[in-house]
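We did not get these values from a lab; they are worked out from the coordinates using the rules stated. Because the structure is predicted, anything quoted here is derived from the model rather than measured. Note that each Cβ is placed from the backbone with ideal geometry, even for glycine, and that neighbours are counted across all protein chains shown.
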Amino acid sequence: MNLLVTNTRAAQAYFIIRALRPYAKKIVATMYGRNFPVAWLSSHAAHSRFVDKYYHVPSFAGDWKRGKIARENSPKEEAYIEKILSICEADRIDTIFPSWDAQIYVFSKNKERFEKMGVLIPIPDYEAFSILLDKYQAILAAREAGFPCPKTYLPQNLEDVRSIASEVEFPVTIKPRFVSWGIEIATDSSALLDKTRHFMENYGMPMVQEFIPGGLREDLHFLIDKRGELKLLFHRSVRRTLRLDSYAHISTVNELTNLHRFQGNAPAFLQALQKSGWWGSGIVETIVDHRDGKAKFMELIPRFRRQLWNTTELGINEPRMCIAIARGEPVEAVKSYPVGTLFLSPIEDVFILLFQILDLLVYRVQRILGRTALNPWGLPPTLKELFQSVARTYFCRKPKIVDPYFRYFFRDPLVSLLWWLQLVNWVSPLARRLGR
């Protein structure tokens, strides 16, 4: 197999490279742009010792970020695809593995062009993927399958937003319809309108959603083949994340737990996915609402997340399973898991802990100054609670697995250093929310 792995700024790209290296004669990677050092520093996976060669490719995701989804390629998308086609021809690539929404979207539209060259892309067809790319449609599908969901509105214009503001209970969440970042919380109608205007400029018209109070995030991780058969299904709880990161995108401690919360509604929802023609790996993200104890559906991620290493380090080679499914080869279902296993990211955890301490200090200073808390539903943990959490994590008797950036640092040090630097760059903008 001559493999091309795209979007090497994403952690899952690195884990795909590690998982498939034993099966590949050659691994080629891509990174966006030629602007040094930005392009070079932000594409950590491309610098792995497991990568034989890398190329610079043009960026194309601007239209997608703004919600401009279309069956035909935009000029930037076409330029990107033509560059990838030339790479495939030059390096005799026979398999491409995209791992980010925008890239899966553009490759799904162009699968036939690559298939004519004998290139396999282990993703569903455009018609199936485009449905799940729309987070509003995913909410509707989850609700129909019986999943508890927050009230969700899809305004068409600012007048609709004003109407929504008159009937909802604040706070509310404002979410982009197609991307998984930029989530904001509005505490009143004025903030809702102001933040909606900002979203319209950057992501198109957003969704407005009921705010779900609660700190426990739970994910349902699954893999479905083309016949709709489950090949992988496990439940992961987020044990530690940054309070300022509203939807736990930066979690540093996760635990493999049982599936009791999802036994009633997960099968119907996954069956609905299969009927839409979708197959592959995905994650259902939920937040446990402390008001009723129910895990509320937040969104569906129809791809690997950066915690892909949770399965690969357990010896479950999901990327290899996806390729086998795409080839029509038999794939054995994974039926047992070491429930209770903790997945740790020690370096990231230290950084987040320092950020949490700073958040707490700023919060207390603001209270001394008499300023009202902007987020009274999620107060920062005390120093005692923070250090108790660390002690319970690292000194308990539960089995533990640390992330590859830490575990294999001396085998691939540049990748780890670049990833940690990239993480700091991602988290730093959250400083404006300290103590809110």
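Based on the Stokes-Einstein relation at 4 °C and a viscosity of 1.567 mPa s, and on the Kirkwood radius from alpha carbon pairs, the chain is assigned a translational diffusion coefficient of 57 µm²/s. Only helices reaching 15 angstrom along their own axis (Cα) with mean Kyte-Doolittle hydropathy no lower than 0.0 count here, and for the DSSP H runs of the chain these are 346-368, 413-427. D194 sits among other residues whose Cβ lies under 12 Å from its own Cβ, and their net charge, with Lys and Arg +1 and Asp and Glu -1, is -1. Which of these, F406, F129, F15, has the largest mean-square fluctuation under a Gaussian network model of the chain (Cα springs below 10 Å)? Of F406, F129, F15, the Gaussian network model singles out F406 as fluctuating most. Pairs over the 23 Å Cα-Cα cut-off, from the set K26/K111; K26/K116; K296/K398: K296/K398. Efficiency by 1/(1 + (r/R0)^6): what FRET value for D292 and E115, r their Cβ-Cβ distance, R0 = 60 Å, to the nearest 0.05? After rounding to 0.05, the efficiency reads 0.80.
Each part reduced to its alpha carbon centroid, the stretch 109-155 and the stretch 259-330 end up 13 Å apart. Neighbour counting of Cβ atoms within 10 Å sorts the residues C322, C396, fewest neighbours leading, into C396, C322.
For the stretch 280-321, compute Rh as the Kirkwood radius over C-alpha pairs and then the Stokes-Einstein diffusion coefficient at 37 °C and 0.692 mPa s; write the answer in µm²/s, rounded to an integer. Approximately 276 µm²/s, per Stokes-Einstein. Anyone know which of T196, T311, T286 comes out most mobile in the 10 Å Cα GNM of the chain? So, out of T196, T311, T286, the one fluctuating most is T311.
Of all the C-alpha pairs in the stretch 305-436, what % are more than 19 Å from each other? Tail fraction, whole percent: 65. Note on the stretch 2-121: along the principal axes its Cα atoms extend 37, 35, 22 Å, ordered by decreasing extent.
Any number yet on Rg/Rh for the stretch 151-210, C-alpha, Kirkwood?
For the stretch 151-210, the value is 0.90.
Of R397, R177, R18, the residue with the greatest mean-square motion in the GNM of the chain, using alpha carbon springs below 10 Å, is R397. Based on the Stokes-Einstein relation at 20 °C and a viscosity of 1.002 mPa s, and on the Kirkwood radius from alpha carbon pairs, the stretch 252-325 is assigned a translational diffusion coefficient of 151 µm²/s.
Across all directions, the shadow cast by the convex hull of the stretch 118-162 built on its C-alpha atoms averages 5.1 square nanometres.
Given the pairs K76/K226; K175/K226; K25/K83; K294/K335; K76/K175, which span a C-alpha to C-alpha distance of over 27 angstrom in this model? Checking Cα-Cα distances, K76/K226; K175/K226 exceed 27 Å.
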